[in-house]
Structure formats: C-alpha cells, structure tokens
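Quick notes on the structure that follows.
The values are calculated or read from the model by the stated rules, or taken from the named source; none is laboratory data. These figures come from a predicted structure and were not determined experimentally. Ideal geometry is used to build each Cβ from the backbone, glycine not excepted, and the neighbour counts take in all protein chains shown.
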Amino acid sequence: MSNKHDANVRKSALVNFQIGLIASLLFTYVMFEVYTATPIVVSNEQNLIIDEPIADWSGVYKVYEAPKSAEVVERRSKPVADPEKFTVIDDHKKISEVRKEFVNDPVSSDPIDPSSIVDVEPDGIDEPEVLPFVAVEYVPVFPGCEELKTNSERASCFSDKIKRMVSKKFNTDLGEDLGLKGLQRIYVQFEVYKDGTIKNIMARAPHPSLEKEAKRVVAKFPKMTPGMQRDRAVTVRYQLPIVFKVQN
C-alpha cells in the first residue's frame, strides 16, 4: 500500500513540475512580446480644423476682380506743318526795309578819359585781417619746423611744439593752491602777427589765476615765421585748449 502511495506522490510531483515549467515558458514568451513589439497606430484622419477669430458676415460674397493693368501714356509729337501751307518767298525779290531792321543806333555817352582808368594790382584783393589757422594757405612755422616740406606737416609740428612748451612751462600746482578739484579746462586764443610775434592773447578758465598763468606761458612763445596767404604775410589766429587734473 505504501509503494502505491509513493508512486502516486512521485507522479503528482512530476506533473506539477511539468505544469510549472510550461507556465514559466509561457510567461517568458509573453514578456518578450510585450517589451520587444512596437505598436503601430494607423490613422487616416487628418486635423483640418484651423482656429480663426469669429467675424460677422453679412452673407454677401465679394466677387474677385483682377487688377487693372497700368495705362500706358502715349506721347504724341507735335504735329508737322502741312507743306502746302508754307509761304513761298521769291528769292529774286528785293527787300526794301532791310536797313530799318539792321540799323545800329549809336550809344550817346560821354567820352571816357583813359587817364581816369586805374589798374588794379593783385595786392589790392581784399583779404580778411586775421585768418584762422585751419584756413590759411601756409601756416606759421614754429622754430625747429622749417625743414618740413608740406603745409600739413608744418601744422602738425606747430601744434606739437606748442603742447610740449605748455607742458613744461605751465604751473599745474596752481590748481591745488587755489583749492580747485578735478579736471580743469582753459581755453586760450592768440594771434601770430605778420612779423611773427605773438599778440592779442586771450584766455578763459574757471579761475582768473589760471587765465593769468595761461597768458604768461603763451607770451613766452618764440618769434615765428608768419603765415602766408597769396604770397603775403598775414596774421593767423590759433586756439589752444589746456587741460590738466588737480591731484588731491
């Protein structure tokens, strides 16, 4: 009896094992299908709805009209005279009134005395008494710039020489002594006269002492070769800005 029972137990265990094995295989197959298959959705519908603002429509359709082409303006030439309307003139006919048409009446005036005619010399051309530095034909020449050939080179040398001289001679400590602070601007104007001397020095500054110092420095400029206009010596005006910062 025990042998039969043992045989049934072994048979039942084998069946359970086979069932479990089949179930495991089915579960594995299903999982492979779920994770490896890509779903494909086919749809023939298209979204043709476009959101537009609501507008009032009167129910009347507007008939499309093609744009009219631009009218070409036709230019008409002047009408040609009819040859039959021309007046025929006899070439052999004498014109009796020719003298009346071409007579020059003498101009009645007093005779001109040749001695009263005054010749105008080129030097008589009116020129401004003072020319600005940027407008004169030949700028004044600062000592040391005589060897330069072009007018632009001499003008650049003139400015450089003046700036160097102002930097050396101007007393910048004056601003601190006067209790001034920050950037100080002084505008100076002077004239290089016809004989090369410096005249008419004017200055404008935040303090009268700075104006006085600027005039003192400019007055020390050396005598220069005067500017030339139409081969004549002329007075040239020059404007010089002086800028320095007071170190507090």
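Does any residue in segment 197-218 that is free of Cβ contacts under 8 Å to residues at least 40 places away in the same chain come within less than 7 Å, Cβ to Cβ, of a residue that is part of a loop (DSSP other than H, G, I, E, B) six or more places away or on a different chain, and which pairs are these? Once the first residue is free of Cβ contacts under 8 Å to residues at least 40 places away in the same chain and sits in segment 197-218, its partners that are part of a loop (DSSP other than H, G, I, E, B) give Thr197/Lys223; Ile198/Phe221; Lys199/Tyr193; Pro206/Leu180; His207/Leu178; His207/Leu180; Ser209/Leu178; Glu211/Ala205. May I ask you to verify whether Val236 is surrounded by fewer than 18 Cβ atoms within 10 Å (Cβ to Cβ) and in a strand (DSSP E or B)? No; evaluated as a whole, the condition is false for this residue. The residues of segment 184-207 that are at positive phi and assigned to a loop (DSSP other than H, G, I, E, B) amount to a single one, Gly196. Scanning segment 173-183 for residues that are surrounded by 15 or more Cβ atoms within 10 Å (Cβ to Cβ), part of a helix (DSSP H, G or I) and within 33 Å of the chain's Cα centre (by Cα) turns up nothing. Would you check if Pro140 is at pLDDT below 85 and not aliphatic (A, V, I, L, M)? Criteria not met by Pro140. Of all residues in segment 139-172, those that are in contact with a helix residue (DSSP H, G or I) (Cβ under 8 Å, 6 or more places away or on another chain), part of a helix (DSSP H, G or I) and of a type outside the set (D, E, K, R) total 2.
From the list Tyr187, Tyr193, the lone residue that is surrounded by 15 or more Cβ atoms within 10 Å (Cβ to Cβ), farther than 15 Å from Phe142 by Cα and either β-branched (Val, Ile, Thr) or touching a residue at least 24 places away in the same chain (Cβ under 8 Å) (or both) is Tyr187.
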